[in-house]
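The values are calculated or read from the model by the stated rules, or taken from the named source; none is laboratory data. Note that this is a predicted model, so its numbers are computed, not measured. In this analysis, Cβ positions are derived from the backbone assuming ideal geometry, glycine residues included, and neighbour counts consider all displayed protein chains. With ligands, DNA and RNA removed, areas are computed over all heavy atoms of the protein, side chains included. Shrake-Rupley method; radii C 1.70, N 1.55, O 1.52, S 1.80 Å.
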Amino acid sequence: MPLENDSRPLFPRRPHRLAILISGRGTNLQSIIDAIAARRLDATIAVVISNRSDAPGLARARAANIEAICIDPRGFSDRDAFDRAIVDLLRPRQVGLVCLAGFMRRVGPPLLDAFPGAILNIHPSLLPAFPGLDAQRQALAHGVRISGATVHLVTPDLDLGPIVTQAAVPVLADDTVETLSARILVEEHRIYPEAIRIVTNGRWRLEGRRFLVDP
Ligand code: GRF
């Protein structure tokens, strides 16, 4: 676990300044925007970054007067160069926490090293079950009776970083990928702002894999 010697060099500076990274529709981004507007979350979204110019989430950000940037991976020689470009956008904006919200790319060493212990992801299953793509389809195919959503710290291992919070959702006999996804999404929108609140509060620590919130 690369977080063991975590010094979090950037994180303590402006912990409440968020960057949200998206690739698509941005409903989780919207839930964070709404939580901030409703003062359920004390944070500022410094920037929204998408790797796709057609991501509807970009319009959601602009509608909320948030800077929204598209950065096309095809303009970079490799993944690390793309990640370095993202870091270059985040530093001057004094971002303290990076929130992946439907960002359909693996995060590589340049971004992980710049934000140790300060990158969150939301995944539509109860991890460690069903990591990777199509988690809801995997859950249905496996026949689990309960699935859900997980917010976790991002580490080099895909979808396997320390778990900040989870919510369980029943899988019904007549569920389709669409109906199960919709039920999980309701919980995603509830727990992501809550997880961000916990992490930005700073009163937490890691014990091995365990994310522990201090009283
Ligand atoms: C969500 O289901 C999230 O868990 C997964 O990608 C989806 C993004 O949805 N990582 P949205 O773009 O936030 O609407």
Item checked: segment 108-127, residues that are open to solvent by 20 Å² or more (accessible area, probe 1.4 Å), touching a helix residue (DSSP H, G or I) at 6+ places or on another chain (Cβ under 7 Å) and in a loop (DSSP other than H, G, I, E, B) -> 124
Check: Which residue, of 82, 76, 11, is at pLDDT below 95 and of a type in the set (Phe, Trp, Tyr)?
Finding: 11
Checklist line | Which numbered condition residue 76 misses (of (1) touching a Phe, Trp or Tyr at 6+ places or on another chain (Cβ under 6 Å); (2) in contact (Cβ under 8 Å) with a residue 60 or more places away in the chain) | finding: (2)
Next item on the list: Report, by residue number, each residue of segment 15-37 that is in a loop (DSSP other than H, G, I, E, B), surrounded by fewer than 22 Cβ atoms within 10 Å (Cβ to Cβ) and within 9 Å of the ligand (Cβ to nearest atom).
Entry: 23, 24, 25
Item checked: Count of segment 128-158 residues which are buried (at least 18 other Cβ atoms within 10 Å of the Cβ), within 13 Å of the ligand (Cβ to nearest atom) and within 14 Å of the chain's Cα centre (by Cα) -> 5
Margin query: Any residue that is closer than 19 Å to residue 188 by Cβ, away from the ligand (no atom under 14 Å from the Cβ) and without any contact (Cβ under 8 Å) to a residue 60 or more places away in the chain - is there at least one of those in segment 95-118?
Written below: no
Note to self: Can you tell me which residue is nearest to the ligand (Cβ to nearest atom) among those in segment 38-58 that are in contact (Cβ under 8 Å) with a residue 24 or more places away in the chain and open to solvent by 30 Å² or more (accessible area, probe 1.4 Å)?
What the structure shows: 56
Notebook entry, point to check: Of the numbered conditions (1) open to solvent by less than 20 Å² (accessible area, probe 1.4 Å); (2) not in a helix (DSSP H, G or I), residue 87 satisfies every one except a single condition; which is it?
Noted result: (2)
Margin query: Quick check on segment 162-174: of everything there that is outside any strand (DSSP E or B) and surrounded by fewer than 18 Cβ atoms within 10 Å (Cβ to Cβ), which residue is nearest to the chain's Cα centre (by Cα)?
Written below: 172
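Which residues, taken from segment 190-199, are surrounded by fewer than 19 Cβ atoms within 10 Å (Cβ to Cβ) and either in contact with a Cys (Cβ under 6 Å, 6 or more places away or on another chain) or not hydrophobic (A, V, I, L, M, F, W, C) (or both)?
Those that are surrounded by fewer than 19 Cβ atoms within 10 Å (Cβ to Cβ) and either in contact with a Cys (Cβ under 6 Å, 6 or more places away or on another chain) or not hydrophobic (A, V, I, L, M, F, W, C) (or both): 190, 194, 197.
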Notebook entry, point to check: Taking the stated definitions as given, is residue 117 modelled with pLDDT under 95 and on the phi > 0 side of the Ramachandran plot?
Noted result: yes
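Which members of segment 155-187 meet the condition of being hydrophobic (A, V, I, L, M, F, W, C), out of contact with any helix residue (DSSP H, G or I) (no Cβ under 7 Å at 6 or more places or on another chain) and within 26 Å of residue 206 (Cβ to Cβ)?
Pass one, segment 155-187, residues hydrophobic (A, V, I, L, M, F, W, C): 158, 160, 163-164, 167-169, 171-173, 177, 180, 182, 184-186.
Right, trim to out of contact with any helix residue (DSSP H, G or I) (no Cβ under 7 Å at 6 or more places or on another chain) and you get 158, 160, 163, 168, 172-173, 182, 186.
Of everything in segment 155-187, those that are hydrophobic (A, V, I, L, M, F, W, C), out of contact with any helix residue (DSSP H, G or I) (no Cβ under 7 Å at 6 or more places or on another chain) and within 26 Å of residue 206 (Cβ to Cβ) turn out to be 158, 160, 163, 168.
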Next item on the list: Return yes or no: is residue 151 more than 24 Å from residue 84 (Cβ to Cβ), among the hydrophobic types (A, V, I, L, M, F, W, C) and not in a helix (DSSP H, G or I)?
Entry: yes
